[in-house]
Amino acid sequence: MTTQLRILALTLGVFLTVFNGCSQLGPGRIEFGRGHYNVAVQQTDNEQMLLNLVRLRYRDTPYFLQVASVSTNFEFAVSADASAALKTGPDVYGLGIGGTATESPTITYTPLQGDQFVKQLLSPMRLSTVLLLYHSGWAIDRILNVTVQYLNGVPNAPSASGPTPAEAPEYVDFHRITDLLRILQKRGDVTLGQTGESDPSQAMVLRIAPRAGDSPEARQLVAHLRLPPGKTDYVFTPTADPNNAGEASIVMRSLMASLFYVSQGVQPPVEDETRGRVTVTRDVAGQVFDWKQVTGDLMQIRSSADRPESTAVRVQYRGTWFSIDDSDLTSKSTFALLMKDRKSTRLNSSHTDISRMPSSA
């Protein structure tokens, strides 16, 4: 091969190598970058929610900062050169390849504030939100425990819908109702649905399967709810007529009230309790009330002095680590429900015929 052909082949090889490398950089950055941004946004969203739950337990002001947009620019600069020195004896060839890649991300944050956000945060949730969550597969007891304050007059720890109260709340009868509903739901003997009205936010129907009407659980459920026996459909509305035996009342929590309720599952350090940094609730006998009786395993947010391992989400606040254990599937489910619930309150649901889905979460 002549010297000129060798130089041409060498130069061509260099540029083919560089071109092939460049063709892989763009797709490679998308594959690498998109997943990492996705994980980072999701993780920080979870950390923000946990942080605000802890703040509420300490009666500190919550604050929400939303990632409004993420954009990034990639710049590639590639250079290549080839050289040859011809002299007596063996020919001398050289090649050089250089390149740089620069990423310039732009992330925009938007504080969630203003009249519209306050209205969304403090207004009672819509019944359509309950139906949406139910038909998305969430367990009926978890949904009602988090979002409902009164069910036909039966209280669901209403005093827990704000800062931690000094006295133990009323909750036992409501928990019995939701336990019965969950038992019937697992059997497929109870469903939540629409009433056929144009606005599903104004009414919700509880349907008991005819085959289950005489079951002990169904009879107990109807009795605890103070409903007339012998029916299969019971309509719940926020403005129920007390003179109408076919209607029952339901009082929804606001999103803020739901957050306060779940924040009672935060377990602060004993030192913070003794120093009065958090409210210590007491029962009628004056004994310290265990909030696990209300929140149960619905939400358990542990505290520790050292950075915990094997957690689903963790934050440091007031010099203490707060976390949800990665193996605590129940708390993780409730946490996911809160995240979904926060987004659902921004939607104006329209009338749709929602088909029933199996509920297990």
Report summary line: Across the range 238-267, the tally of residues that are assigned to a strand (DSSP E or B) and more than 21 Å from residue 158 (Cα to Cα) stands at 1
Query raised in the report: more than 20 Å from residue 338 (Cβ to Cβ), surrounded by 14 or more Cβ atoms within 10 Å (Cβ to Cβ) and either within 19 Å of the chain's Cα centre (by Cα) or not aromatic (Phe, Trp, Tyr) (or both): does that describe residue 212?
Result: yes
Report task. List every residue pair whose Cβ atoms sit under 8 Å apart, with the two residues 6 or more apart in sequence or on different chains, where the first one lies in the range 290-305 and is of a type in the set (A, V, I, L, M, F, W, C) and modelled with pLDDT under 95 and the second, anywhere, is assigned to a strand (DSSP E or B) and surrounded by fewer than 19 Cβ atoms within 10 Å (Cβ to Cβ). Result -> none
Query raised in the report: Listed residues 296, 265, 319; which is open to solvent by less than 40 Å² (accessible area, probe 1.4 Å) and at positive phi?
Result: 296
**Report entry** Output for the range 177-197, where each listed residue is open to solvent by less than 20 Å² (accessible area, probe 1.4 Å) and in a helix (DSSP H, G or I)
**Finding:** 177, 178, 180, 181, 184, 185
Report summary line: Considering the range 112-130, residues that are of a type outside the set (Ser, Thr, Tyr), open to solvent by less than 50 Å² (accessible area, probe 1.4 Å) and more than 17 Å from the chain's Cα centre (by Cα), and then whichever is farthest from residue 253 (Cα to Cα), we arrive at 114
**Report entry** Pick from the range 149-176, criterion under 26 Å from residue 56 (Cβ atoms) and part of a helix (DSSP H, G or I), ranking: nearest to the chain's Cα centre (by Cα)
**Finding:** 161
Report task. Could you pull out the residue among 205, 222, 235 that is assigned to a helix (DSSP H, G or I) and at pLDDT 90 or above? Result -> 222
Report task. Considering each of 257, 240, 248 in turn, give the residue that is surrounded by 16 or more Cβ atoms within 10 Å (Cβ to Cβ) and in contact with a helix residue (DSSP H, G or I) (Cβ under 9 Å, 6 or more places away or on another chain). Result -> 257
Query raised in the report: How many residues are open to solvent by less than 10 Å² (accessible area, probe 1.4 Å), closer than 15 Å to residue 298 by Cα and in contact with a Ser or Thr (Cβ under 7 Å, 6 or more places away or on another chain) if we restrict to the range 145-174?
Result: 2
Report summary line: Of (1) surrounded by fewer than 17 Cβ atoms within 10 Å (Cβ to Cβ); (2) among the charged types (D, E, K, R); (3) at pLDDT 90 or above, residue 356 satisfies every one except (3)
Query raised in the report: From the set of residues in the range 285-302 that are part of a loop (DSSP other than H, G, I, E, B) and charged (D, E, K, R), which is farthest from residue 330 (Cα to Cα)?
Result: 290
Query - Selection within the range 303-322 - assigned to a loop (DSSP other than H, G, I, E, B) and of a type in the set (A, V, I, L, M) - result: 305
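The values are calculated or read from the model by the stated rules, or taken from the named source; none is laboratory data. As the structure is a computational prediction, the values presented were derived from the model and not from experiment. A quick note on method: Cβ atoms are made from the backbone with ideal geometry, for glycine too, and the neighbour counts reach across all protein chains shown. Accessible surface areas use protein heavy atoms only, side chains included; no ligands, DNA or RNA. Shrake-Rupley method; radii C 1.70, N 1.55, O 1.52, S 1.80 Å.
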